[in-house]
Amino acid sequence: MQRCLRLCSARNRGLSPVSTENMLAVHFDQPGGPENLHLKEVPKPSPGEGEVLLKVVASALNRADLSQRQGQYAPPPGASSILGLEASGHVAELGPGCQGHWKIGDPAMALLPGGGQAQYVTVPEGFLMPIPEGVSLSQAAAIPEAWLTAFQLLHLLGNVQAGDSVLIHAGLSGVGTAAIQLTRLAGAIPLVTAGSQHKLQMAEKLGAAAGFNYKEEDFSEATLRFTKGTGVNIILDCIGGSYWEKNVNCLALDGRWVLYGLMGGANISGPLFSKLLSKRGNLITTLLRSRDNKYKQMLVKTFTEQILPHFSTESLQRLLPVLDKVYPVTKIQEAHVYMEKNKNVGKIVLELPQ
């Protein structure tokens, strides 16, 4: 019989023992606010053909988790309905047909279409990545979704080149902090928008050449001043509707505007097409979660070969995931409230009971 372990009870009495056939997972009975979240005992999954069972140590929180909890973002067909798009832990079981790249007990991190905020998750073998030397399991949980997204935006879609200027909206989000570092690694110039002086200072420490407080100034005019009127070659945009006119205003001729989120709404009012056409601008849209397995495996493989070595302590230009807060999963409600307030600088990580 399944048991719901409400967070208030978990805080007061600790987590109850779970049978070996089951596991604890983040759950909500109906869409709504953070108060609907709780831990629930559910059946432990078994790996299918070409899959690995990962015993999860940590999982990071993403905006997609908030949208799914609110009933606005359904998982892709066939994906777990449990929240969590990335996780780190240890290989617990190998399904039939695995190619022998992994052994039981190996530490690993994984890109997921869902299911990461649970004690176990099944993962296609090609979605797993080794954890670089010097990176903790909590840090590793903050890499897959954010860094693969940023890598995809910059390289596969934005075609970033050395010397390009790149405007990164939500520059202190998980994707933003990854994009700043990856832009620098590519020899390009990262610029960011953020909503506080503290966040702008953190962005500069990560390597941003300049930052603009969108609450206090017109970021498009500030961008044009910085670029001496030429505009930026690439815009990484998770805001959407409310930023469209300013984005086009500060886009360079033949620039690439890569849209991957709609935090500022989906509606457009005004001459978007004529303004974009006058810049010969490229509007590129993308989502990662809904991509097919073949694409994701290609992305993971390319990232593992080209970028992952730079996370090692031995790298001359070391990359690091930025962690803001680490919560025990029993405080999942608190973690969601914190992210909704847009306070985090970098990633919010959840640690699972072992």
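The values are calculated or read from the model by the stated rules, or taken from the named source; none is laboratory data. From a predicted model like this one, the values you see are computed outputs, not experimental measurements. Cβ placement follows ideal geometry from the backbone for every residue including glycine, while neighbour counts extend to all protein chains displayed.
Annotations for the structure displayed:
- Considering the conditions (1) surrounded by fewer than 13 Cβ atoms within 10 Å (Cβ to Cβ); (2) farther than 20 Å from Gln152 by Cα; (3) acidic (Asp, Glu); (4) assigned by TED's automatic domain parsing to the domain that holds Ile82, Asp324 is excluded by exactly one of them, (1).
- Ala222 being over 25 Å from Leu308 (Cα atoms), crowded, with 17+ Cβ neighbours inside 10 Å, free of Cβ contacts under 8 Å to residues at least 24 places away in the same chain and of a type in the set (Gly, Ala, Ser): yes
Here is a yes/no grid of residues against (1) outside the structural domain of Leu53 (by TED's automatic domain parsing); (2) crowded, with 24+ Cβ neighbours inside 10 Å; (3) within 30 Å of Gly78 (Cα to Cα):
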{"site": "Met109", "(1), (2), (3)": "no, yes, yes"}
{"site": "Pro113", "(1), (2), (3)": "no, no, yes"}
{"site": "Val121", "(1), (2), (3)": "no, yes, yes"}
{"site": "Leu137", "(1), (2), (3)": "no, no, yes"}
{"site": "Thr183", "(1), (2), (3)": "yes, yes, no"}
{"site": "Ala194", "(1), (2), (3)": "yes, yes, no"}
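- The test for being in contact (Cβ under 8 Å) with a residue 24 or more places away in the chain, within 17 Å of the chain's Cα centre (by Cα) and either in a strand (DSSP E or B) or more than 27 Å from Leu262 (Cα to Cα) (or both) holds for Leu319.
- Within the stretch 247-282, the only residue that satisfies the criterion of being of a type in the set (A, V, I, L, M), under 17 Å from Ser220 (Cα atoms), touching a Phe, Trp or Tyr at 6+ places or on another chain (Cβ under 8 Å) and not in a helix (DSSP H, G or I) is Leu251.
Conditions tested, residue by residue: (1) at pLDDT 95 or above; (2) of a type in the set (Gly, Ala, Ser); (3) more than 24 Å from Gln181 (Cβ to Cβ).
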{"residue": "Ala208", "(1), (2), (3)": "yes, yes, no"}
{"residue": "Glu216", "(1), (2), (3)": "no, no, yes"}
{"residue": "Leu224", "(1), (2), (3)": "yes, no, yes"}
{"residue": "Trp244", "(1), (2), (3)": "no, no, yes"}
{"residue": "Asn247", "(1), (2), (3)": "no, no, no"}
{"residue": "Leu251", "(1), (2), (3)": "yes, no, no"}
{"residue": "Arg256", "(1), (2), (3)": "yes, no, no"}
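- The residues listed here are Val123, Val160, Val166; of these, the one that is touching a Pro at 6+ places or on another chain (Cβ under 6 Å) and either of a type in the set (A, V, I, L, M) or in a loop (DSSP other than H, G, I, E, B) (or both) is Val166.
- From the options Gly231, Gly187, Gly255, Gly265, residue that is in the same structural domain as Leu157 (by TED's automatic domain parsing), surrounded by fewer than 15 Cβ atoms within 10 Å (Cβ to Cβ) and over 25 Å from Lys343 (Cα atoms): Gly187
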